[in-house]
Amino acid sequence: MEVSNNLLAVLVIVAMAVSIAGTTTMLSLTPGQGPVITGMAQTTQQGTATVEVPAEANIYLSTNTVDFGEIDAVAGAQNDTMDDDPAPLVIENNGTVEINISIAESTSNPLWGEDDNCESCFSFNVTNGSAVALWTARDTGDWTNFEGDAEAADAASVNTDDANIAWNLSESDSEDELEIELNITVPPGESAGVKTATLFFKAAAGA
């Protein structure tokens, strides 16, 4: 397409005007001084970054098996984990909030076949596994029998409304660990053989 000289002149003038305007916004002349660049002064900007950490109740059994080995097959024979032989169970708070923890023995896989003959023949206790753990245990220093609220048909039915291991176990790495001591006593009438029990642990966000 042929463009007239008049149109070219207009286009050139417009282009020059844009170019000149752009130059004058970048340069400012002061008498007796060289050109000073404007529009490029250093400034301090401030931004905000946000992140949300979800509240999560999470527990981990770093020691999840207690093997008592052999025990005399007579009523009243006893052993526990207080001397670390065998070692107790160890539970950690791996979540992001303080938690309440409950423990229960499975009613479908209890330790003793003659459980009803001796309520105190399988019990637990809680001790401090961290240097300065922030927790409150039920009947600290005493053995609590696996009965009532400490029994459950399955993991889902463990009662956390009345936590029987700890209240408000800290989520801090230096304060997040508990030892669960176990005490066994052979009940009257118990048959010989290998005995095993399934224990359920359940955690809920603390107050």
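Residue farthest toward the positive end of the dipole of the range 59-205, with Cβ of Lys/Arg at +1 and Asp/Glu at -1: which of Val74, Ile99, Trp143?
Projecting each Cα onto the dipole axis, the largest value belongs to Ile99.
All other residues with a Cβ under 13 Å from the Cβ of Glu114 taken together, and with Lys, Arg as +1 and Asp, Glu as -1, what is their net charge?
Spelling it out: positives minus negatives among the neighbours equals -3.
Give me the dipole magnitude in Debye, nearest 20, for the range 59-205 about the Cα centre, with unit charges on the beta carbon: positive for Lys and Arg, negative for Asp and Glu.
In debye, rounded to 20, the range 59-205 gives about 240.
In whole Å, how far is the Cα centre of the range 140-184 from that of the range 38-105?
13 Å
Figure the gain on full extension for Thr48 and Asn145 (residue separation times 0.36 nm, minus the Cα-Cα span) and round it to one decimal in nm.
Stretched fully, the Thr48-Asn145 segment lengthens by 29.6 nm.
So if each residue of separation counts as 0.36 nm, and I subtract the Cα-Cα distance between Met82 and Ala155, what length gain in nm does that give?
23.7 nm
Read the figures in this text as sums done on the coordinates, not as results from a lab. Predicted, not measured: the structure shown is a model, and the values here were computed from it. Cβ sites come from the backbone with ideal geometry, for glycine too, and all protein chains shown count toward neighbours.
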